[in-house]
Number of protein chains: 2
Amino acid sequence: MPLSWKVICSDSRARAGEVKTSRGVIETPAFMPVGTQGTVKTMSPEELQDIGVKIILSNTYHLYLRPGAELIAEAGGLHKFMHWDLPILTDSGGFQVFSLSPLRKVEEKGVTFRSHIDGSTHFFSPEKAIEVQELLGSDIIMPLDQVVPYPCSYEEAREAMQRSIRWAARCKDRHQKSKQQALFGIIQGGIFPDLREKSTRELVKMNFPGYAIGGLSVGEPKESMYNIIESIVPFLPDDKPRYLMGVGSPDALIEGVKRGLDLFDCVLPTRIARNSRVMVPQGYLNLRNADYARDFRPIDEDCSCYTCRHYSRAYLRHLLKANEILGLRLTTHHNIHFLINFMAEMRCSIKENKFEQFYEQFWHTFKVAT
Amino acid sequence: MPLSWKVICSDSRARAGEVKTSRGVIETPAFMPVGTQGTVKTMSPEELQDIGVKIILSNTYHLYLRPGAELIAEAGGLHKFMHWDLPILTDSGGFQVFSLSPLRKVEEKGVTFRSHIDGSTHFFSPEKAIEVQELLGSDIIMPLDQVVPYPCSYEEAREAMQRSIRWAARCKDRHQKSKQQALFGIIQGGIFPDLREKSTRELVKMNFPGYAIGGLSVGEPKESMYNIIESIVPFLPDDKPRYLMGVGSPDALIEGVKRGLDLFDCVLPTRIARNSRVMVPQGYLNLRNADYARDFRPIDEDCSCYTCRHYSRAYLRHLLKANEILGLRLTTHHNIHFLINFMAEMRCSIKENKFEQFYEQFWHTFKVAT
C-alpha cells in the first residue's frame, strides 16, 4: 500500500492522525502549502522543512502545460526536479480547467480546454489525468472531476457530481496499473446536501485510501461550507484520511478540524503574503500600512519564526514598499510558519482532550476583519 | 582607528591583504555585493554569510530617500535594521544623484536633486552626506563627489575633479567629529590621466584610511578603464586599501587585481541573475535559452554552490520562464558565490606566487561573448 492511515486519538469529532507514505509521515491535522509550478512561491525546500512542512501540493494543470510532464519524468520525477524529498500531493487539473481555462468543452470522454499561457488546445480524460500524475511521480494523486461554479443550479450540480463519480471509477481503473501512488476520491455536489451525501456514498463504495471534499471555498458563504462538511462527514469511514481542498484561513481550518477533517491546502498564506498581509492570532496585518513605518516590533512578539526573530515590521514595510523580494520571502515564511504551528497546536490540543478549549480561545482572540 | 589594513603578500602588483574593522576582517582581493535598499536583492543575510560574503555595500541615496536615515537610526542603525552584523560600506549618494535624479543643480555648497521615487526636492552638501552616513552607522563611508558622464570634456572633468577634492576636504572636516567610521577618499578625473594623477596626489596628501577610484565603468571602453587605473596606482601608498567602485565582471576584476586593487563592488552579479544570466568560467549563460529546456546538468558541474548542488539548468529555466521568485534567488546565489569564490582563488594564487598563471588560465578559458 502506498499510503496508510491511523487515528491516534480523537476529541469529539476532531482527530489527531498519521498519514504514512514511503517518503515520510504526515501528522494531522496538517496544512499543505501549495507549490503550483513546482515551487512554493519564494521559498526553498530547506526553509519549508525547517518550518515543519511535511507535504506540499503541486498543480498538475500548471506542470502539464509548463514545463510538461514528460520533461519532469525525464528529470527523474517532480521530487528530484524541484529538490523536495518529502511527500507531494498533486491535484488532477480539474479545478484549474474549470477556473483558469478561457474556453472548455466537457464531454463524457473528458474535457477540452485552452492553455491560459498560450491559448493552445488540450484534452484531459480521467485516464490522461492519471497518466500525467504518474509522470510527475507524486505520492498522493487526485481523479479528474467536474467542478461547478458558485452559484449553480441543482441540476447542473447533480450532473457534474454524477459525471465526477463515473470519472473517478475510470481513474481508479486506469490507476490499477500503478500502485506507487495513492489515489483519493473527490466528493462533489455543490452546496446541495443530498447531492453531497450521494457523492460520498458512491465514492466510499469504491474504497479509496482517502477522501477529498472538492468544490468548496469557491465563493459560497462560510456557513454553507460548514453545513456541507457536516452533510458529508457522517458518511465517511473513520479509517481513511479526509482532505478539504482549497481551504487555508485559520477560521476555516479550525472549523474543518472541529468537524473531523484532517488535511487542507490553500494558496491563501502564500498569496496574501505577497500582498503584504501577514497572519497573527488576532487576524491579519497589512504591513504596507503607514502605522508600521516606525514600528520596530516583530510581526508577532510570540512567534518563533525566522522572520519574527530577526526583522521588524518597519523593515518589512520598507522592503515591501520598495518591492524587494526579501520582503515577499519573509512574509511568506511567517505565514506558512503560522499555519504549520497552528495545525500543530490543534493536534496537541486534541491529544490532550482540550480541543474545545483551544477552539473557544481561538474565537475569543481571532477577528475576521481585514 | 575604525579600520586597519595590511598587505599579507604581493605577487608583482597584485596584493593579498586584510582590512580589519570592528565588525570583522575582510580578506582581499574582495568583492562586495550591493544591497541598494538595505537588502542584497533576493538574498537573506545568512545565505550571504554562508557563501562567504564579508562586507556588503549599501546606497546612501536610496536609503536616505526611503525609508529615511532618521528612521534607520531609530531602528538602531542599518546593521540592526537589516539583520546584517558584518561590515557595511555606504557610498555618499554622489553617483546616484548624477545618474538617477531627473534634475539636479550643482553649486559649490552642494547639489540639489529630485527624488527618482516621488520627484521631491533634496539638497546634499558634503557635510550632509557624512551626517546621513553617520545615521546609517556603516563601517566605511564615502565623501560626496561630483561624477561626470562619459564622454565629457577635459574642462568639465577637471572642474568636477577639483570640486570633488574641495568637497572631500569638507567631508573630512565634518567627519572629525566621529571616529567610529572610516572615511575613504574618491579619486575622480574622467578618462584623463593627468587629472587622475592630480586627484590622487591631492587626496593622498589628506591621508585617508583608504582610496576609491570613482567615475569608471560608466560607459568608457575597458581599455580606457585599465589605462586610467594604471595612471593612478603609482601615486597611491601601499599601506592603504584601494577600492575600484562599480566593477564586478570577472574580466574587469582580474584586470583590477593585476593592477594592484583590493576592493570592488557592483550590481552586475545580482542584476544579471534577475535577467536569467549566470556566470561560468567560460563567460555567461542565459538560462532562458531553449537549449537548456532538457539540460539536467547544474549551471556549472565544478561549482559547489547551493544552486549547483541541487538544481538543474532545466529546473532553473522552468522557474525563470514561469516568473518564479525562487529562480531569481537561485541564480543570484550562484552568481554571488561565483564572484566570492573567484576572489578567493585570486587571493590564493597571489599567496602562492602563482597569480600570473591564474591570470593566463583565466583568459584561456573566459570568452567575453554573450
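The values are calculated or read from the model by the stated rules, or taken from the named source; none is laboratory data. Computed from a predicted model, the values in this text were never measured in an experiment. With ideal geometry, Cβ positions are generated from the backbone for all residues, glycine too; neighbour counts draw on all protein chains shown. In case anyone asks, the SASA skips ligands and DNA or RNA and just uses the protein heavy atoms, side chains included. Shrake-Rupley method; radii C 1.70, N 1.55, O 1.52, S 1.80 Å.
The residues of the stretch B:349-362 that are in contact (Cβ under 8 Å) with a residue 12 or more places away in the chain and assigned to a helix (DSSP H, G or I), listed by number, are B:SER349, B:ILE350, B:LYS351, B:PHE355, B:GLU356, B:PHE358, B:TYR359, B:PHE362.
Quick check on the stretch A:160-185: of everything there that is not charged (D, E, K, R) and not in a helix (DSSP H, G or I), which residue is surrounded by the fewest Cβ atoms within 10 Å (Cβ to Cβ)? Per the stated criteria, the residue is A:GLN176.
The residues of the stretch A:220-235 that are over 17 Å from the mean Cα position of the chain (by Cα), in contact (Cβ under 8 Å) with a residue 12 or more places away in the chain and surrounded by fewer than 21 Cβ atoms within 10 Å (Cβ to Cβ), listed by number, are A:GLU220, A:SER224, A:ASN227, A:GLU230, A:SER231, A:VAL233, A:PHE235. Only residues that are part of a strand (DSSP E or B), open to solvent by 60 Å² or more (accessible area, probe 1.4 Å) and within 21 Å of B:MET245 (Cα to Cα) were counted across the stretch B:8-24, and they come to 1. One residue alone among B:ALA322, B:ALA293 is open to solvent by less than 70 Å² (accessible area, probe 1.4 Å), in contact with a Leu (Cβ under 9 Å, 6 or more places away or on another chain), of a type in the set (Gly, Ala, Ser) and within 14 Å of chain A (Cβ to nearest Cβ), and that residue is B:ALA293. Considering only the stretch B:112-159, how many residues are modelled with pLDDT under 95, open to solvent by 60 Å² or more (accessible area, probe 1.4 Å) and of a type in the set (A, V, I, L, M, F, W, C)? Selection size over the stretch B:112-159: 1. In the stretch B:36-83, the qualifying residues are those that are under 15 Å from the mean Cα position of the chain (by Cα) and charged (D, E, K, R), and the one that is nearest to the other protein chains (Cβ to nearest Cβ) is B:LYS41. Of everything listed in (1) at pLDDT below 95; (2) closer than 20 Å to A:GLY214 by Cα; (3) of a type in the set (Val, Ile, Thr), the single unmet condition for A:ILE165 is (1).
Looking only at residues in the stretch B:296-319 that are more than 7 Å from every other protein chain (Cβ to nearest Cβ) and either over 29 Å from the mean Cα position of the chain (by Cα) or of a type in the set (A, V, I, L, M) (or both), the one that is surrounded by the most Cβ atoms within 10 Å (Cβ to Cβ) is B:LEU316.
Suppose we keep only residues that are free of Cβ contacts under 8 Å to residues at least 60 places away in the same chain and farther than 20 Å from B:MET32 by Cα within the stretch B:173-185. Which one would you say is nearest to the chain's Cα centre (by Cα)?
Applying the first criterion (free of Cβ contacts under 8 Å to residues at least 60 places away in the same chain) to the stretch B:173-185 yields B:173-178, B:183-185.
Remaining after also requiring farther than 20 Å from B:MET32 by Cα: B:173-178.
Numbers: B:ASP173: 25, B:ARG174: 24, B:HIS175: 22, B:GLN176: 25, B:LYS177: 26, B:SER178: 24 Å.
Only one residue tops the list, namely B:HIS175.
Evaluating B:PRO234 against the criteria (1) more than 23 Å from B:VAL40 (Cα to Cα); (2) not in a helix (DSSP H, G or I) leaves one unmet condition, (2). Residues of the stretch B:186-219 that are assigned to a loop (DSSP other than H, G, I, E, B), touching a residue at least 12 places away in the same chain (Cβ under 8 Å) and open to solvent by 20 Å² or more (accessible area, probe 1.4 Å): B:ILE191, B:PHE192, B:PRO209, B:SER217, B:VAL218, B:GLY219.
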